[in-house]
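Shown next, in structure tokens, is the structure this report addresses.
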């Protein structure tokens, strides 16, 4: 491939205090699947936002088809044939698929014509999707298809995909890859952002690796090993968490036919979940987002009350108890959303330490808060979990995502709970921080805590869990020993065999 | 181009500075309004802010300052908890009226028995309870049926207002009042009279209650877990739920607290400075207290200062009406501007202004 579709030369973009992209150059040819690889904070997002017209680079030049290219906004980028599928979807739950697609168009055709076109495109590229369905009822994979079809209707020359597989089951990933290969065969270039190395090796022609805003190497991902790429990405050798398999103790947490409606509209109700977690055991609960993870965490943390017998701690019925009573009994939880749920954004780290630590750390006496004790607790969390912040008097909002995640996980771990429930413990956290968090979780289990890890990152779950169960449409599969489980078996557990078929099976 | 940029941390300096700046801007713009009305602006501002304190008749006005400030501070202190927690009680005026009716009702039921040790404390309790129960109506409706407490509490002000009219003309009317509307004058009933504790200071039991409310609120907010939960519920409802704060309970407690304090203020007013249940009893303290609460940064000490300042504009405003023939509405406009400019200047606490082109930053 000698011709070039898009060329970036010396792109630099600085934010106050950090250089997001420093002198980045790369070239993409038509029909090429180009991987952009790097840790969180390596500058991948800033780079594609520059291409998509969302940020203006400070210096450097872009050329599209040999012409200078400097999109003022995403509209200009789309007009030039560049489209993007974001990691977080911008869809309206209450509208149908076709209505959502129409909302993204400059001059939408009548809904009936549009529906027909959506059907055509979804057939052509093997993306099963019914244009009349309400988006709120769709799975994450199906929602992503809406976004992709939205892009394909514009006949793009370049399709940018930001971490597209993070919300998909392995089978859905296969469907997506089929689609992307078809696009490639038609000459559409794809810029594929990911940190999942095996995927990149399976799909991409070229990989550009970013670290701390700079290009640290190019490679043909089919020719180098995943480990080599990983080490280029982190710039060193990876520390893989390890654990000693502790002897499994008594049953600490029991879920007994746990069923509950979701507190939110378009949420997933929990359906008849039964499982036991023993002292020293890590139960990994995998599943695609929106299958009841949030609801399960609320039912366990106590924010959502259920029938007393549905949740038992050491045999004691606690389903009806509010969060602080459960903490007092030894059950701590760390929700997925760190800013606004696990932590109050405008409160200091000291205040946030008291937020969930007040009960077990004895920070309230006669109704008065022991702020000195809370500050000490916050300082301990900061020290033990290597949280980068000037001090406990800073507000939670001022911390980076990874640092705040270490803080909120550390806050629960340092309360030495008997049962710990975490949802997405390393979401959006860089590799070394993620390793530290996983190690801390496993150390806690080794000391005899029963741990439930809810995560969409299968690699993570398989790495730290003793037993694996899948959450699908609010139901939990029977747990199986994690060791020896193949990725195909996991995929089948996750998908529950629903909407797995490719529209045109070509086998 | 001017752009607003979010500060990484809220500015402490600006949160102290903005009330002062708002007062100054209000003086300037208020002066312009007065000038447009054909009144001498500097003299008008001096009449409002200076003369009541240091003018020729200051000896008469200074005690009035405490009398006016006490209900404002008492009500605003209660409201500040709800406002911090995101519970919007706009109906303090109605709760103030109900407190007065309950308090006066108890006193009149005992008339003419002389037993101050029993009757006066009972009036305080009844007045507080009256405001509290009135505030529970929007509270229970919100918790049970999800109604909007802003609308319900506001509408109940008008209900309370009509109830006041009805009481002044009916049930509580003075049987020896020659057919005039209005109850017996509690100032002439020693067991019920909320008299000045020290002559000519304006210091009555309501002032003391306001002072205690400020101190208690300060301790609650800075040291007590309840104050922490209030702030948490207002800033981040989901984090509050995670911390074990029940949203419904928070609504009821905040409405109860603000209603109770407003009712107490109403009771002290009707038993003291006002003296009797009359259709013209309420003069808008319940609404002005909203301005006081925000002007004082929802902070007890700030509310103390803001309450004094607002009381000053009431007294100074009356003075300006008498001396300069300023229309009454001009004074209300003046008070409204204060809140308006405060909210405008407040943007600076969380944002900074950046001059220059966007995109370079």
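The values are calculated or read from the model by the stated rules, or taken from the named source; none is laboratory data. Note that the structure is a prediction, hence the values are computed from the model and not measured. Reconstructed Cβ throughout: ideal geometry from the backbone, glycine too, with neighbour counts over all protein chains shown.
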The number of residues in segment B:191-203 that are surrounded by 13 or more Cβ atoms within 10 Å (Cβ to Cβ) and either over 24 Å from the mean Cα position of the chain (by Cα) or over 20 Å from residue B:115 (Cβ atoms) (or both) is 5
Of the residues in segment A:184-195, those that are surrounded by 20 or more Cβ atoms within 10 Å (Cβ to Cβ) and either at pLDDT below 90 or part of a loop (DSSP other than H, G, I, E, B) (or both) come to A:188, A:193, A:194, A:195
Scanning segment A:404-418 for residues that are out of contact with any strand residue (DSSP E or B) (no Cβ under 7 Å at 6 or more places or on another chain) and within 14 Å of another protein chain (Cβ to nearest Cβ) gives A:407, A:411
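Let's see how each residue does on (1) buried (at least 21 other Cβ atoms within 10 Å of the Cβ); (2) out of contact with any strand residue (DSSP E or B) (no Cβ under 8 Å at 6 or more places or on another chain); (3) more than 30 Å from residue B:120 (Cβ to Cβ):
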site: B:15; (1), (2), (3): no, yes, yes
site: B:26; (1), (2), (3): yes, yes, yes
site: B:32; (1), (2), (3): no, yes, yes
site: B:69; (1), (2), (3): yes, yes, no
site: B:82; (1), (2), (3): yes, yes, no
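Each row is one residue, and each column tells you yes or no for (1) modelled with pLDDT under 95; (2) away from chain A (no Cβ under 14 Å); (3) farther than 30 Å from residue A:344 by Cα.
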{"residue": "B:152", "(1), (2), (3)": "no, yes, no"}
{"residue": "B:155", "(1), (2), (3)": "no, yes, yes"}
{"residue": "B:179", "(1), (2), (3)": "yes, yes, yes"}
{"residue": "B:189", "(1), (2), (3)": "yes, yes, yes"}
{"residue": "B:201", "(1), (2), (3)": "yes, yes, yes"}
{"residue": "B:217", "(1), (2), (3)": "no, yes, no"}
The number of residues in segment A:289-317 that are closer than 16 Å to residue A:476 by Cα, touching a strand residue (DSSP E or B) at 6+ places or on another chain (Cβ under 8 Å) and more than 14 Å from chain B (Cβ to nearest Cβ) is 6
Going through segment A:291-328 in order, the residues found to be without any contact (Cβ under 8 Å) to a residue 40 or more places away in the chain and not in a loop (DSSP other than H, G, I, E, B) are A:298, A:308, A:316, A:317, A:323, A:324, A:325, A:326, A:328
In the set A:209, A:175, the lone residue that is touching a residue at least 24 places away in the same chain (Cβ under 8 Å) and either outside the structural domain of residue A:11 (by TED's automatic domain parsing) or under 20 Å from the mean Cα position of the chain (by Cα) (or both) is A:175
Conditions (1) free of Cβ contacts under 8 Å to residues at least 24 places away in the same chain; (2) out of contact with any helix residue (DSSP H, G or I) (no Cβ under 9 Å at 6 or more places or on another chain) -> residue B:63 fails only (1)
Taking segment A:376-394 and keeping residues buried (at least 20 other Cβ atoms within 10 Å of the Cβ) and either part of a helix (DSSP H, G or I) or touching a strand residue (DSSP E or B) at 6+ places or on another chain (Cβ under 9 Å) (or both) leaves A:377, A:378, A:381, A:382, A:392
Only unsatisfied item for residue A:45, checking (1) in contact with a helix residue (DSSP H, G or I) (Cβ under 7 Å, 6 or more places away or on another chain); (2) modelled with pLDDT under 85; (3) buried (at least 20 other Cβ atoms within 10 Å of the Cβ), is (1)
Restricting segment A:341-351 to residues that are facing another protein chain (nearest Cβ under 8 Å) and over 17 Å from the mean Cα position of the chain (by Cα), the one nearest to residue A:455 (Cα to Cα) turns out to be A:343
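Table: residues versus (1) at pLDDT 90 or above; (2) over 25 Å from the mean Cα position of the chain (by Cα).
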| residue | (1), (2) |
| --- | --- |
| A:224 | no, yes |
| A:233 | no, no |
| A:236 | no, no |
| A:263 | no, no |
| A:270 | yes, no |
| A:295 | yes, no |
| A:299 | yes, no |
Per the filter on segment A:19-42, residues free of Cβ contacts under 8 Å to residues at least 60 places away in the same chain and surrounded by 21 or more Cβ atoms within 10 Å (Cβ to Cβ) are none
Could you tell me whether segment A:465-479 includes any residue that is more than 21 Å from the chain's Cα centre (by Cα), more than 10 Å from residue A:284 (Cβ to Cβ) and modelled with pLDDT of 85 or more? yes
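Residues are listed down the side, and each one gets a yes or a no for (1) part of a loop (DSSP other than H, G, I, E, B); (2) in contact with a strand residue (DSSP E or B) (Cβ under 8 Å, 6 or more places away or on another chain); (3) closer than 22 Å to residue A:270 by Cα; (4) outside the structural domain of residue A:199 (by TED's automatic domain parsing):
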position: A:425; (1), (2), (3), (4): yes, yes, yes, yes
position: A:432; (1), (2), (3), (4): no, no, no, yes
position: A:435; (1), (2), (3), (4): no, no, no, yes
position: A:441; (1), (2), (3), (4): no, yes, no, yes
position: A:445; (1), (2), (3), (4): no, yes, no, yes
position: A:456; (1), (2), (3), (4): yes, yes, yes, yes
position: A:460; (1), (2), (3), (4): no, yes, no, yes
position: A:469; (1), (2), (3), (4): no, yes, yes, yes
position: A:478; (1), (2), (3), (4): yes, yes, yes, yes
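For every residue, the table says whether it meets (1) at pLDDT 95 or above; (2) within 8 Å of chain B (Cβ to nearest Cβ); (3) under 22 Å from residue B:245 (Cβ atoms).
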position: A:366; (1), (2), (3): no, no, yes
position: A:388; (1), (2), (3): no, no, no
position: A:391; (1), (2), (3): no, no, no
position: A:397; (1), (2), (3): no, yes, yes
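Per-residue answers, yes or no, for (1) surrounded by fewer than 24 Cβ atoms within 10 Å (Cβ to Cβ); (2) without any contact (Cβ under 8 Å) to a residue 24 or more places away in the chain; (3) farther than 18 Å from residue A:296 by Cα:
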residue	(1), (2), (3)
A:405	no, no, yes
A:416	yes, no, yes
A:420	no, no, no
A:427	yes, no, no
A:436	yes, no, yes
A:439	yes, no, yes
A:444	yes, no, yes
Every listed condition ((1) within 20 Å of residue A:39 (Cβ to Cβ); (2) touching a helix residue (DSSP H, G or I) at 6+ places or on another chain (Cβ under 6 Å)) holds for residue A:457 save (2)
Original post:
Out of all the residues in segment B:327-344, is one or more within 14 Å of another protein chain (Cβ to nearest Cβ) and closer than 30 Å to residue B:143 by Cα?
Top reply: no
If we ask which residues in segment B:227-247 are more than 7 Å from chain A (Cβ to nearest Cβ) and assigned to a helix (DSSP H, G or I), their number turns out to be 9
Just one listed residue, out of B:284, B:275, B:266, B:256, is buried (at least 24 other Cβ atoms within 10 Å of the Cβ), away from chain A (no Cβ under 14 Å), closer than 24 Å to residue B:104 by Cα and out of contact with any strand residue (DSSP E or B) (no Cβ under 9 Å at 6 or more places or on another chain), and it is B:266
Of A:338, A:384, the only residue that is touching a helix residue (DSSP H, G or I) at 6+ places or on another chain (Cβ under 7 Å), under 27 Å from residue A:435 (Cα atoms) and in contact (Cβ under 8 Å) with a residue 60 or more places away in the chain is A:338
**OP:** Check segment A:395-403 and report whether any residue there is under 14 Å from the mean Cα position of the chain (by Cα), surrounded by 24 or more Cβ atoms within 10 Å (Cβ to Cβ) and closer than 19 Å to residue B:8 by Cβ.
**Re:** yes
